[in-house]
Amino acid sequence: MAEPASFPFSPSYEQACDRLIAMCNGDPRSTIKALILANEYLETELSELRTKAVKLGATARRSRQRDDAA
């Protein structure tokens with residue numbers, strides 16, 4: 001069986017975790033909720049950026065096709 005990939009934790013990750021837990025008054029459940037909300041926000045942002053990139057790519061292809069036809 002393959003070994004799970006190890007994730008290199010740095011001291012800055014530990015500090016970020018400590019700060020987030022402190023911001024949530026030491027409540028692990030609130031900390032997890034905050035992380036889930038942040039992740040959902042980032043997923044939404046990524047989805048919007050992907051949509052914009054697809055539209056931009058389609059616009060660029062149409063523009064190149066017009067230039068090639070001319």
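The values are calculated or read from the model by the stated rules, or taken from the named source; none is laboratory data. Computed from a predicted model, the values in this text were never measured in an experiment. Neighbour counts run over all protein chains shown; Cβ positions are idealised from the backbone, glycine included.
Among the residues of region 8-53, write down those that are aromatic (Phe, Trp, Tyr) and modelled with pLDDT of 95 or more.
Pass one, region 8-53, residues aromatic (Phe, Trp, Tyr): 9, 13, 41.
Within region 8-53, Tyr41 is the sole residue that qualifies.
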message = Residue under question is Arg66, and the condition is that it be assigned to a helix (DSSP H, G or I), surrounded by fewer than 10 Cβ atoms within 10 Å (Cβ to Cβ) and modelled with pLDDT of 90 or more; does it hold?
response = no
query = Can you tell me which residues in region 12-51 are surrounded by fewer than 10 Cβ atoms within 10 Å (Cβ to Cβ) and either among the charged types (D, E, K, R) or not in a helix (DSSP H, G or I) (or both)?
reply = Asn25, Gly26, Arg29
message = Cβ-Cβ distance below 6 Å, separation of 6 or more or different chains: which pairs start in region 27-53 with a residue that is closer than 18 Å to Cys17 by Cα and end on one that is in a helix (DSSP H, G or I)?
response = Thr31/Leu20; Thr31/Ile21
